[in-house]
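**Q** Handing you a structure now.
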Amino acid sequence: MMNAPTPLQLRAGGAVPQLNNPLTAVIRVVNPHYSLGVDHKIITGILADAGDPLTQKAISSSNASESWRASVLDIFADLYERANAANRELLVYISDRHVRDMLIESAASFSQAVFATNLYDQLGSRLRLLYDAAGQLDARTARNLEMRRPLVVYTDGSVSATRLGCGMGVATDTELHATYKPDAPNTPIVAELLAIELALKTFAQKHLVIRTDSRDAIGLIGLTPTELDARNRCGELHTDRYISSVVRRIHNASAGRQVSFKWVKGHDGDRLNEAADRAAKCVRRFNSYSIGSSALTQVLDNIRHDIAA
C-alpha cells in the first residue's frame with residue numbers, strides 16, 4: 001500500500017501516488033468552546049465521489065476521556081468499508097495527527113486506503129474543498145448542540161429591612177442583568193422569586209437550569225396550583241397574595257420549556273452566585289437612594305468584567 005508523501009518527501013522529489021478514480025474522504029476533529037465552559041470534540045466525516053457527498057456524519061464527544069479517538073476510528077472504519085464494498089480506492093485526510101499516524105502505522109490492514117498527511121501538498125489539496133464542507137457541517141452541529149445545551153442562570157434577590165422594593169440579579173458565564181421593583185414587598189422570598197422570574201423573562205432558551213440559593217423559592221415553585229392555594233400563609237395577606245402571583249407567573253413562563261431549579265449554597269465562593277448577589281444589592285441600593293443611573297451602569301459593568309476575568 002502507498003501512503004501520501006510528506007512535504008519533505010515532495011520537496012525531495014518523492015513520487016505522488018497514482019490513484020485510479022478514488023473515493024475521497026475527510027474526518028475533521030474540532031474542539032469548540034461553549035459558554036458553559038465545557039469542551040466537546042465535534043467529529044465530522046464525509047465520503048464523496050468526484051466531489052459529490054455519498055455519506056456524511058457528525059457526532060460530539062466529551063473531552064473528559066480519550067473515547068473520542070475511538071469515535072474517529074469508527075467513522076474511518078465505516079468510510080473505508082463503504083469504499084471497499086464499491087471496490088474503490090480511498091483517499092482520506094484525518095485532521096487528528098495521533099489517529100492519522102496510528103492508521104498509517106497499520107497501513108497493511110487498509111490496502112485500499114491512501115492517507116493524505118496535510119491539505120497543502122499535491123495529494124492533499126484534492127481534499128481541501130471537502131474539508132471545507134466538513135467545516136460547514138461541524139459548525140451546524142455545534143450550533144445545534146448549543147441550542148440543546150441547557151443555559152445555566154444564577155439568580156439572587158435583595159431587600160431592605162426598612163424600605164419597600166426588591167432588587168433582582170441574574171448572571172450567566174457571559175451576561176449579567178439586574179432590575180428593581182419599587183412596589184414589591186420587602187421580603188426575601190419575594191425578591192428570590194422575582195429574580196427567578198427575571199431569569200425566565202430574560203433568557204428565551206427552551207432549556208434552562210436556574211440556580212438559586214433559596215430552598216424556600218424552589219419549594220414554592222414545586223407546588224401545584226391546588227397546593228399553592230392550600231399552603232400556609234407566608235406573612236401578611238398582601239405579601240402572601242403577591243408570592244402566589246409570582247409563583248403562578250413562573251409556572252406560566254416555564255410552560256413548554258425544560259426548566260429545572262437547583263439550589264446552590266449562597267456566599268460560598270461561587271462566582272456567578274456572588275455576581276447575581278452583588279447585582280441585586282447594587283440595583284436595590286442605587287434605586288432606593290436615587291443614585292444616578294450612570295453610576296449603577298459602571299458598577300454593573302465592573303461585575304460583568306469580574307465574571308469574564
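The values are calculated or read from the model by the stated rules, or taken from the named source; none is laboratory data. Just so we're clear, the structure is a prediction, and the values are computed from it rather than from any experiment. All Cβ positions, even for glycine, are placed from backbone atoms using ideal geometry, and neighbour counts span all protein chains on display. In case anyone asks, the SASA skips ligands and DNA or RNA and just uses the protein heavy atoms, side chains included. Shrake-Rupley method; radii C 1.70, N 1.55, O 1.52, S 1.80 Å.
**Q** Is it fair to say residue 301 is more than 26 Å from residue 145 (Cα to Cα), open to solvent by 40 Å² or more (accessible area, probe 1.4 Å) and in contact with an Asp or Glu (Cβ under 8 Å, 6 or more places away or on another chain)?
**A** For residue 301, the condition - more than 26 Å from residue 145 (Cα to Cα), open to solvent by 40 Å² or more (accessible area, probe 1.4 Å) and in contact with an Asp or Glu (Cβ under 8 Å, 6 or more places away or on another chain) - is not met.
**Q** Search the range 248-269 for residues being in contact with an Asp or Glu (Cβ under 9 Å, 6 or more places away or on another chain) and under 17 Å from residue 156 (Cα atoms), and hand back the single one that is least open to solvent (accessible area, probe 1.4 Å).
**A** Only one residue tops the list, namely 250.
**Q** For the range 270-294, which positions are surrounded by fewer than 21 Cβ atoms within 10 Å (Cβ to Cβ), in contact (Cβ under 8 Å) with a residue 24 or more places away in the chain and either assigned to a loop (DSSP other than H, G, I, E, B) or of a type in the set (Gly, Ala, Ser) (or both)?
**A** Correct list: 270, 288.
**Q** Filter the range 161-172 down to the residues that are on the phi < 0 side of the Ramachandran plot and surrounded by 16 or more Cβ atoms within 10 Å (Cβ to Cβ) and list them by number.
**A** Those that are on the phi < 0 side of the Ramachandran plot and surrounded by 16 or more Cβ atoms within 10 Å (Cβ to Cβ): 166, 167, 168, 169, 170, 171, 172.
**Q** Which members of the range 123-160 meet the condition of being out of contact with any Lys or Arg (no Cβ under 9 Å at 6 or more places or on another chain), of a type in the set (A, V, I, L, M) and either assigned to a strand (DSSP E or B) or open to solvent by less than 80 Å² (accessible area, probe 1.4 Å) (or both)?
**A** 123, 127, 130, 133, 139, 142, 145, 151
**Q** Restricting to the range 184-222, give me the number of residues that are modelled with pLDDT under 95, of a type in the set (A, V, I, L, M) and part of a loop (DSSP other than H, G, I, E, B).
**A** Count: 1.
**Q** Residue 5 fails exactly one of the following numbered conditions: (1) more than 30 Å from residue 174 (Cβ to Cβ); (2) modelled with pLDDT of 70 or more; (3) surrounded by 16 or more Cβ atoms within 10 Å (Cβ to Cβ). What is the number of that condition?
**A** Every listed condition holds for residue 5 apart from (2).
**Q** Are there any pairs, at least 6 apart or on different chains, whose C-beta atoms fall under 9 Å, with the first in the range 241-269 and part of a strand (DSSP E or B) and the second open to solvent by 50 Å² or more (accessible area, probe 1.4 Å) and basic (Lys, Arg), and if so, which?
**A** 258/206; 259/206; 261/211; 262/211; 263/211; 263/215
**Q** Let me ask something else. Hey, among 240, 216, which residue is in contact with a Cys (Cβ under 8 Å, 6 or more places away or on another chain) and open to solvent by 20 Å² or more (accessible area, probe 1.4 Å)?
**A** Result: 240 is the single residue among 240, 216 that is in contact with a Cys (Cβ under 8 Å, 6 or more places away or on another chain) and open to solvent by 20 Å² or more (accessible area, probe 1.4 Å).
**Q** Give me a count of the residues in the range 78-103 that are assigned to a helix (DSSP H, G or I) and open to solvent by less than 40 Å² (accessible area, probe 1.4 Å).
**A** Here the count works out to 6.
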